[in-house]
Amino acid sequence: MIEALTALFKILIFPGFMFLTTYGMLLQFLDRKIYARLQNRFGPPWYQPLADFLKLIGKETIVPTLANKGMFSTLPVVSLAAVSTAFVYIPIYRMQASFSFEGDLIIVLYLMALPSITTFLAGWYSRSVYATIGSVRTLTQLFAYEVPLFAALLSPSIISGSWSISGMAEFYYHNPTLILVNLPSMFIALISIQGKLARKPFDSPEAETEIVSGAFVEYSGRLLAIFKMSVDCELVLLISLAAAIYIPLFTNIIVLDILLYFAKTLVLLFALSIFKAAMARLRMDQIINFCWKVLTPLAMFQIIINLIVRGAL
Amino acid sequence: MKIRLPGRILMKMLTTLVSKPATNTNPYDATNIPSKYRGRIVYDSSTCIGCGICMRDCPTKSLRVENIGTKENKKFIMHYSLGRCIFCCQCVDSCPKKSLSQTRDFLLATTDSSDLEEIMR
Amino acid sequence: MSDNSSNRIVIPLGPQHPALKEPGSFTLTLEGEKVVNAVIGIGYNHRGLEKALESRTYIQNLYMIERICGICSHTHSVAYCQAIEEMCGVEIPMRAKYIRVIIAELERLHSHLLWLGVAAHEIGFDTLFMYAWRDREMVLDMLAELCGNRVNYGINTLGGVRRDIDDNDAHEIKKILRVLHNQISYYLELATNEPTLIARLADVGKLNHDDALKFGAVGPVARAAGIANDVRKIEPYAAYDEVPVNVITDDHGDVLGRTLVRVKEMLESISIIRYCLDNLPAGEILAKVPRKVPAGEMISRTEAPRGENIHYINSDGSDIPYRIRVRAPSEANWHGMKHMLEGSFLADVPIAIAAIDPCYSCTDRAIFVNSDNGESRLYDWKGLREYSIKWHRDRGLNIADIQIPMAKNYIQIQRKTND
Amino acid sequence: MGIFKKLVSWGQKKSPWIIHFNAGACNGCDIEFIDSLTPKYDIERIGILQHGSPRHADILICTGAVTLQTRDRLIQIYEQMASPKYVIAVGTCACTGGIFNGCYCVMGGIDTTIPVDVYLPGCAVRPEAVIDAIDKLLNSNDKDKTKKKAKSDKQKEVSEESNEEKSDEQ
Ligand code: SF4
Ligand code: SF4
Ligand code: SF4
Ligand code: SF4
Ligand code: SF4
Ligand code: SF4
Ligand code: SF4
Ligand code: SF4
């Protein structure tokens, strides 16, 4: 009974859904604030994401007459659900995640693909030209970054010999020098994360100046709020994943570990924000070229290195 | 060809990150409104002679001077359409008696469209 | 992206679209991400301005002309004022001419910075957009300090300018210009070195030298294609005959070239303003111009930030113009637009459109008058028409048999002026 | 008012997303409005974001005298917006038609076409004034707004009548 209750607590409150969404909002705020400050602006106040969310909840939700009603309104929920499910497998305040089993990394990677696919479907079922182009671009981009992202996230597991995120974290905690071997793949992962979240310079799928806001063009009110929420949560998920795999620093004191977790994710967020502000948007063909011709070979190279290191151990 | 790394703007960004934002957090501060700013027009009925030059030169026909007194004892009021005036201040330049003058009022937003027409005395 | 040609999507861009701050509509036929056909629809901003000008006095028109467009308002009012001053035979004071040049160059600065920001925004480089517009604030503040308002300055009037520049202003301006100079040099360096910028700008919206001539491009679009065409140089107006002006050209012929031309022109503008402030002649700023303009007609040209701006004014001797015709720069550049768009990527469309710095406020049909001899300022209607016919015939288009109806009283005036 | 409603209305006050439409302006007001997004004025500071899709926006910032060509599009955008939605007429043109009032293809102010909540005269308006207008809109209480709505609806009817007359003349 108590076990079931703690499990429920873990899933719903901490480090589950509640924590995920709250932290997602906080990160969205920080991201916007840093972005604004990099541009010499003042930036939004701290409660901004919350206000946006509440406002969208209170707004009218329009379903376009041409759109497929069922799909249109379930997709945001699916997206959010996928992200929060995946989050359960990620170690937050200690090496061991709330739930883990051998091979959960693969599950998480697949769950992570779901939001992109829901975005694609959302755009597709909106039946609007901009949304259609946006969704096609989302899918194209998915094929571009998914391979380097997978390769980059899987290569550390070659050395650790464990396919579970918690297992990897534990392994690297005990062998801190081996983290350095993974630095290039961390870099690749960060770039792919940028692509996954459709942030600059890979924001072609929602390029405001070309296709308004891509797949979400027709969304409004509550449904848009859930979609926005799931994008925020995806950011938390990806950053936490990267932090767990590439920066496995733990102290085994829960409070300190939680603080450490915040520090790690904030550093990564900062890197991502700078990345977002420093570049112009790439064209779709340029993105594909870059991902296939630069990122993928690099990731493959990393895998080879890791195999060699593994052999030497 | 030389390989150029992206992110040239990085240094600039980092310096702006630590410096103060350019944002003016008190935009209603009237001190940054230039002294020559052309805002809402004000009217002084005591000097007006009712010649109507302002009406003739106003490009938007926002002014209408009216005599509410008698023929001998003239008293003028000015109907002014704030909603049509384009703040060019041609009327200020044209008025021979300097009865019209410009102010630095520019926060003119209103939720009531009847505010857009006013009578200046 | 498939190459399936049956997979064509037609997308409308505009009239309301985040990339376009003004209404204009582009119907693009896409094959995958490539544009195979572009149909341009303009006229959303048609307010019937030229018609309205015919029912207002010259003084009222001054402000209407300025509001053809808020971005190059000064260039329009200069063109208008100098045409009328010349028709009235009034020579305006030198100081007024210098002030007009200063404001014109400040306007060029603000307009090019605006363009730089918008272009950066179109390619998703928001940081550069923010920086460029932040620096543009300085220029606007200078303009506000000199004229009163940030846009629609209202500084020109018939016979001169309405506000003077005192030593204090001049000193302040020079101080700001120093900061601005550093910033703009930085942008120049950025535009020539930042690879993501170059990747998005180079080879986009190409318009080579011959095409630029064929489509009658003007301003930075033409200069980026290697055509050294600048009214300030070939037909100096206001004080430009005394002020040294260097015409900037570039041979890229693409958006990158246009960017470079604009950024370099900003540096040039700064030195022009400095020169003017240092050599500002003393004296009056206003000459008297009669309310009624003598019958006749006049063409006046100015170099707007976006290129050559032509005003044609026809007076019948009253205080209301008989006809005013404006051929604004953006209009001339529209002709090449379709050519630039077709075959490009959808992602490149906004920047290709933005690269001519399009504005719809003044866009309209026109007759393009290109005088290379540099002196023929006055064309009478007949001459203009003959020129136009010849010009078109040279290019294989015979419009001689199109009769242009002339109003009766117009012919009378014509006689009067010809006598 | 329940706590939830209170929260939502707080959100509405703190997070107005805007969409901008040029219905035939001279660009003057448009560039000044866009200026308010940039570092010096930075309206994101008070939670305002510009959005491209009418579906996402709460406030329609509309500039310019409505020309015959943009009129349908203006109505379309207004209808696409999810309620609650507000309209701010930015600039003299948008309030009454300003200098273009009476031109043959100009309708007049925005309120000839769609209901307007806040009028902001100015030619061109300063970015500060735009911020002030949004401020006034958010702080005018809701009763006020409905009253204004009804009023401008009435105006709309009247102007539609006069338009019909106009088109008859043409
Ligand atoms: S400022 Fe211009 S528009 Fe306004 S009343 Fe005076 S002349 Fe008319
Ligand atoms: S021009 Fe001056 S004096 Fe004449 S009516 Fe107008 S305000 Fe009065
Ligand atoms: S100028 Fe010609 S094409 Fe343009 S709106 Fe007027 S009638 Fe139409
Ligand atoms: S210049 Fe433009 S706005 Fe003016 S009348 Fe011609 S088309 Fe209309
Ligand atoms: S070219 Fe553009 S900026 Fe210049 S007057 Fe025309 S619309 Fe305005
Ligand atoms: S009038 Fe002449 S310049 Fe104008 S569009 Fe026609 S052919 Fe071209
Ligand atoms: S003759 Fe030409 S300008 Fe006149 S109404 Fe017909 S199309 Fe328009
Ligand atoms: S109010 Fe003035 S500045 Fe604004 S759009 Fe109209 S004419 Fe232009």
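The values are calculated or read from the model by the stated rules, or taken from the named source; none is laboratory data. Keep in mind that this is a model prediction, so the values were computed, not measured. Neighbour counts run over all protein chains shown; Cβ positions are idealised from the backbone, glycine included.
I'd like to verify a number: residues in the stretch D:48-84 that are out of contact with any Gly (no Cβ under 7 Å at 6 or more places or on another chain), in a loop (DSSP other than H, G, I, E, B) and at pLDDT below 80, how many?
Of the residues in that region, 4 qualify.
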Is it the case, given these coordinates, that A:Val77 is within 12 Å of another protein chain (Cβ to nearest Cβ) and either surrounded by fewer than 19 Cβ atoms within 10 Å (Cβ to Cβ) or not in a helix (DSSP H, G or I) (or both)? no
Working only within the stretch C:52-78, note down all residues that are within 16 Å of ligand 3 (Cβ to nearest atom) and within 15 Å of D:Gly102 (Cα to Cα). C:Ala52, C:Leu53, C:Glu54
Yes/no for A:Asn40 being more than 20 Å from the chain's Cα centre (by Cα), crowded, with 18+ Cβ neighbours inside 10 Å and among the polar types (S, T, N, Q): yes
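Hey, does the stretch B:48-55 have a residue that's without any contact (Cβ under 8 Å) to a residue 12 or more places away in the chain and within 10 Å of ligand 1 (Cβ to nearest atom)? Don't jump to the end; show me each part of the working.
Filtering the stretch B:48-55 for residues without any contact (Cβ under 8 Å) to a residue 12 or more places away in the chain gives B:55.
From the residues that got through so far, the ones that are within 10 Å of ligand 1 (Cβ to nearest atom) too are B:55.
Checking the stretch B:48-55: at least one residue is without any contact (Cβ under 8 Å) to a residue 12 or more places away in the chain and within 10 Å of ligand 1 (Cβ to nearest atom).
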Examine the stretch D:91-99 for a residue that is touching a strand residue (DSSP E or B) at 6+ places or on another chain (Cβ under 9 Å), in contact (Cβ under 8 Å) with a residue 24 or more places away in the chain, within 16 Å of ligand 4 (Cβ to nearest atom) and at the interface with another protein chain (Cβ under 8 Å from one of its Cβ atoms), and state whether such a residue exists. yes
Can you tell me which residue is surrounded by the fewest Cβ atoms within 10 Å (Cβ to Cβ) among those in the stretch A:270-286 that are within 13 Å of chain C (Cβ to nearest Cβ) and farther than 17 Å from C:Glu194 by Cα? A:Asp285
For C:Tyr275: the one exception among (1) at pLDDT 85 or above; (2) surrounded by 21 or more Cβ atoms within 10 Å (Cβ to Cβ): (2)
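Which of the following residues is of a type in the set (A, V, I, L, M), within 23 Å of C:Lys51 (Cα to Cα) and surrounded by 24 or more Cβ atoms within 10 Å (Cβ to Cβ): C:Ile103, C:Ile71, C:Ile99?
Numbers: C:Ile103 fails: within 23 Å of C:Lys51 (Cα to Cα); C:Ile99 fails: within 23 Å of C:Lys51 (Cα to Cα).
Every option except C:Ile71 fails the conditions.
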Has the stretch A:38-58 got any residue that is aliphatic (A, V, I, L, M) and not in a helix (DSSP H, G or I)? no
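Regarding D:Cys105, is this residue modelled with pLDDT under 80 and either of a type outside the set (Gly, Ala, Ser) or within 22 Å of A:Ala36 (Cα to Cα) (or both)?
Details: modelled with pLDDT under 80: yes; either of a type outside the set (Gly, Ala, Ser) or within 22 Å of A:Ala36 (Cα to Cα) (or both): yes.
Yes, satisfied.
Any idea how many residues of the stretch D:100-128 are facing another protein chain (nearest Cβ under 8 Å) and of a type in the set (S, T, N, Q)? Quick ask: steps written out before the conclusion?
In the first step, residues of the stretch D:100-128 are kept if they are facing another protein chain (nearest Cβ under 8 Å); the result is D:100-106, D:109, D:111, D:116-128.
Checking the rest, the ones that are also of a type in the set (S, T, N, Q) come to D:101.
Of the residues in the stretch D:100-128, 1 are facing another protein chain (nearest Cβ under 8 Å) and of a type in the set (S, T, N, Q).
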Inspect all residues belonging to the stretch A:186-197 and state whether any of them is among the polar types (S, T, N, Q), touching a residue at least 12 places away in the same chain (Cβ under 8 Å) and under 30 Å from A:Thr74 (Cβ atoms). yes
Pairs where the first residue, in the stretch D:75-90, is within 13 Å of chain A (Cβ to nearest Cβ) and the second is small (Gly, Ala, Ser) and away from ligand 6 (no atom under 16 Å from the Cβ), C-beta under 7 Å, 6+ apart: D:Met81/D:Ala57; D:Ala82/A:Ser220; D:Ala82/A:Gly221
Filter the helices (runs of 4 or more DSSP H) completely within the stretch C:111-208 down to those with at least 2 residues that are basic (Lys, Arg) and without any contact (Cβ under 8 Å) to a residue 24 or more places away in the chain. C:167-193
Among the residues that make up the stretch A:46-55, is at least one of them buried (at least 22 other Cβ atoms within 10 Å of the Cβ) and within 22 Å of A:Leu111 (Cβ to Cβ)? no
With (1) within 8 Å of another protein chain (Cβ to nearest Cβ); (2) touching a strand residue (DSSP E or B) at 6+ places or on another chain (Cβ under 9 Å) as the list, and D:Tyr41 as the residue in question, which single condition is left unmet? (2)
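Quick one: is C:Tyr312 within 23 Å of C:Glu91 (Cα to Cα), modelled with pLDDT of 85 or more and within 14 Å of ligand 4 (Cβ to nearest atom)? Steps first, answer last, please.
Details: within 23 Å of C:Glu91 (Cα to Cα): yes; modelled with pLDDT of 85 or more: yes; within 14 Å of ligand 4 (Cβ to nearest atom): yes.
When the stated conditions are applied, C:Tyr312 passes them.
Of everything in the stretch B:64-99, what is part of a strand (DSSP E or B) and surrounded by fewer than 23 Cβ atoms within 10 Å (Cβ to Cβ)? Give them in sequence order. Give the steps one after another, and end with the answer.
Step one: filter the stretch B:64-99 for residues part of a strand (DSSP E or B), giving B:64-67, B:76-81.
Hits for the stretch B:64-99 are B:Arg64, B:Val65, B:Glu66, B:Asn67, B:Phe76, B:Ile77, B:His79, B:Ser81.
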Quick one: count up the residues across the stretch D:20-47 that are under 18 Å from D:Met81 (Cα atoms) and buried (at least 24 other Cβ atoms within 10 Å of the Cβ). 3
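Could you identify the single residue in D:Gly64, D:Gly24, D:Gly52, D:Gly11 that is of a type in the set (Gly, Ala, Ser) and either closer than 19 Å to A:Lys33 by Cβ or out of contact with any strand residue (DSSP E or B) (no Cβ under 8 Å at 6 or more places or on another chain) (or both)?
Numbers: D:Gly64 fails: either closer than 19 Å to A:Lys33 by Cβ or out of contact with any strand residue (DSSP E or B) (no Cβ under 8 Å at 6 or more places or on another chain) (or both); D:Gly24 fails: either closer than 19 Å to A:Lys33 by Cβ or out of contact with any strand residue (DSSP E or B) (no Cβ under 8 Å at 6 or more places or on another chain) (or both); D:Gly52 fails: either closer than 19 Å to A:Lys33 by Cβ or out of contact with any strand residue (DSSP E or B) (no Cβ under 8 Å at 6 or more places or on another chain) (or both).
Of the residues listed, the single one that is of a type in the set (Gly, Ala, Ser) and either closer than 19 Å to A:Lys33 by Cβ or out of contact with any strand residue (DSSP E or B) (no Cβ under 8 Å at 6 or more places or on another chain) (or both) is D:Gly11.
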List pairs: first residue in the stretch B:78-89 and more than 7 Å from chain D (Cβ to nearest Cβ) and under 14 Å from B:Pro59 (Cβ atoms), second residue within 16 Å of ligand 5 (Cβ to nearest atom) and among the hydroxyl-bearing types (Ser, Thr, Tyr) anywhere in the structure, Cβ distance under 9 angstrom, at least six positions apart or on different chains. B:Cys88/C:Tyr63
Within the stretch D:48-68, which residues are away from ligand 5 (no atom under 16 Å from the Cβ) and at the interface with chain C (Cβ under 9 Å from one of its Cβ atoms)? D:Gln50, D:His51, D:Gly52, D:Ser53, D:Pro54, D:Leu68
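When residues of the stretch C:147-162 are filtered for being within 8 Å of chain B (Cβ to nearest Cβ) and in contact with a Gly (Cβ under 8 Å, 6 or more places away or on another chain), how many remain?
Looking only at that region, the number is 5.
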